[in-house]
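The structure under discussion appears below in the form of structure tokens.
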Amino acid sequence: DQQVKQNSPSLSVQEGRISILNCDYTNSMFDYFLWYKKYPAEGPTFLISISSIKDKNEDGRFTVFLNKSAKHLSLHIVPSQPGDSAVYFCAAEGGGFKTIFGAGTRLFVKA
Amino acid sequence: NAGVMQNPRHLVRRRGQEARLRCSPMKGHSHVYWYRQLPEEGLKFMVYLQKENIIDESGMPKERFSAEFPKEGPSILRIQQVVRGDSAAYFCASSTFGETQYFGPGTRLLVL
């Protein structure tokens, strides 16, 4: 039962260009969404979040967009840097105590 | 301000042995979450605990797995009679109520 889906297992982007990571969800009870970044051999670190009352949240180079009608969110990184190369997890909360994570998208930023 | 601590970082067990994974939350955090990550998969919720209480264990396998978060000391995830399929990375996260979860570095369990 995949309530949060990240359909692209990997993404490769040139340094300086925009990275767009996508996430879809199925549960309409979700009202809070998060992106985490994970380097190998480390735990995930919180990156940015968005409440369902908003459709955009921006923090420096990172912007998250939420389209509630489409049950879709995306993370934009611009400009992309080699240090952004990591696995990015989309996560959703709402209707309970659990945070539901997607399978992750591995981002490669080429110098 | 120390982050979430997990130990051991790596744990090797033979089939049938017990595995004990420890998690010390960030200072001031009284909520602990355990997640499991199988190879090439995302993080799967296992259990959510507050001090001395299990709040949600809907992600825990029905047998062999248990978790506790005592009044004093770290949270413990215990896996009895481990099998090869238990090999995974186990992450702990902590938070204050309703706030962002902060993750530890994980324990990588390998069952031979």
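The values are calculated or read from the model by the stated rules, or taken from the named source; none is laboratory data. In this text the structure is predicted, and so the values were computed from the model without any measurement. Don't worry about glycine lacking a Cβ; one is built from the backbone with ideal geometry, like all the others, and counts go over all protein chains shown.
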Determine the pairs where a residue that is part of a loop (DSSP other than H, G, I, E, B), located within segment B:52-68, has a partner that is at pLDDT 90 or above and polar (S, T, N, Q) with Cβ atoms under 8 Å apart, the partner being 6 or more residues away or on another chain.
B:60/B:66; B:64/B:80; B:64/B:81
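Residue-wise test of (1) hydroxyl-bearing (Ser, Thr, Tyr); (2) surrounded by fewer than 19 Cβ atoms within 10 Å (Cβ to Cβ).
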residue	(1), (2)
A:6	no, no
A:11	no, yes
A:22	no, yes
A:25	yes, no
A:30	no, no
A:43	no, no
A:73	no, no
A:83	no, yes
The condition from (1) of a type in the set (Ser, Thr, Tyr); (2) surrounded by 18 or more Cβ atoms within 10 Å (Cβ to Cβ); (3) farther than 22 Å from residue B:45 by Cβ that residue A:88 misses is numbered (3)
Pick from segment B:72-112 the residues that are more than 14 Å from chain A (Cβ to nearest Cβ), closer than 16 Å to residue B:33 by Cα and not in a strand (DSSP E or B): which of them is nearest to the chain's Cα centre (by Cα)?
B:74
Does residue A:50 fit the bill of being over 25 Å from residue B:7 (Cα atoms) and within 14 Å of chain B (Cβ to nearest Cβ)?
yes
Residues that are within 11 Å of another protein chain (Cβ to nearest Cβ) and at pLDDT 95 or above: list the strands (runs of 3 or more DSSP E) wholly contained in segment A:54-111 that include at least 1 such residues.
A:86-93, A:105-110
